[in-house]
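Visitor: One structure follows; several queries about it will come next.
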Amino acid sequence: MRRKRKKTGDASSRPSHERWLITYADLITLLMIFFVVLYTMSKIDAGKYEVLARSLHLQFRQAESVLELGDGVLEEAVEIIPPSAPEIPAGDGAREREEREFRETLQMIRAFIRENNLETDVSVGNTPEGIAIRLSDRLLFDLGSAVLRQSSYPVLDKLSELLARLEGATISIQGHTDDLPVLPGSRFRDNWELSAGRALSVLRYFTEAKGLDERRFEVAGYADTRPVAPNTSDENRQQNRRVEIIVHRQFRTADGTV
């Protein structure tokens, strides 16, 4: 009588050669989710991000695991905190008001320059940074000096009136020189000290003589490191010896344009 052979295992214990499909499908799904998240973050919206994050978190917690006895992708609950929305100090109305004030101030400065025949010593422009006012050193100082000339007071008085109109705007005062060394016996060691001293003199006139809020100002001396013309002639060097007053914008577009 033949003995029946014992089965070594049932069908459920046989290895499956198609289990890799589950891992592959999970990988494709995760990649799709990853690219969706990247696209969403490229134009971030705090509210939409929170909804997406919580949805993904729920799906990962409840997803059927490839591993036996697994419990989703996340074993423990994780609190997902959405990124804070960028701080916007004011809406388009504030930007429009600032641009209107800048245009009006720009027109007033240009009119003042024309009326007083200051075209050779004062120029003004509207830049992405803000209003840029350039003052020649021969209007403000004697050669190699950082003491303001009295003849410059009317110009600075008018500028202080116009700067006071732009409440809240940060004002940067920058001193520049040519590439020639300071005169022998000068109280300044080099052009760095001279350019910084000249910018500081203009600042003190605005804050001490005219009473503008000193917290609105920044001062810098650049010596001859930022020329507007090559230092190859007396005329070019004269252009480089200057003080620039930058009235910075508070609001700018994403690409930096005005």
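Visitor: Taking L139 as the residue in question, decide whether it is surrounded by fewer than 18 Cβ atoms within 10 Å (Cβ to Cβ) and of a type in the set (A, V, I, L, M, F, W, C). Give the steps one after another, and end with the answer.
Guide: Values: surrounded by fewer than 18 Cβ atoms within 10 Å (Cβ to Cβ): no; of a type in the set (A, V, I, L, M, F, W, C): yes.
Considered against the rule, which asks whether it is surrounded by fewer than 18 Cβ atoms within 10 Å (Cβ to Cβ) and of a type in the set (A, V, I, L, M, F, W, C), L139 comes out as no.
Visitor: Take the residues in the range 204-251 that are among the basic types (K, R) and in contact (Cβ under 8 Å) with a residue 40 or more places away in the chain, then tell me which one is surrounded by the most Cβ atoms within 10 Å (Cβ to Cβ).
Guide: Among residues in the range 204-251 that are among the basic types (K, R) and in contact (Cβ under 8 Å) with a residue 40 or more places away in the chain, the one surrounded by the most Cβ atoms within 10 Å (Cβ to Cβ) is R242.
Quick note: the coordinates plus some simple rules give every number you see, no bench work behind them. Since the model is a prediction, treat every value here as computed from it, not as a measurement. All Cβ positions, even for glycine, are placed from backbone atoms using ideal geometry, and neighbour counts span all protein chains on display.
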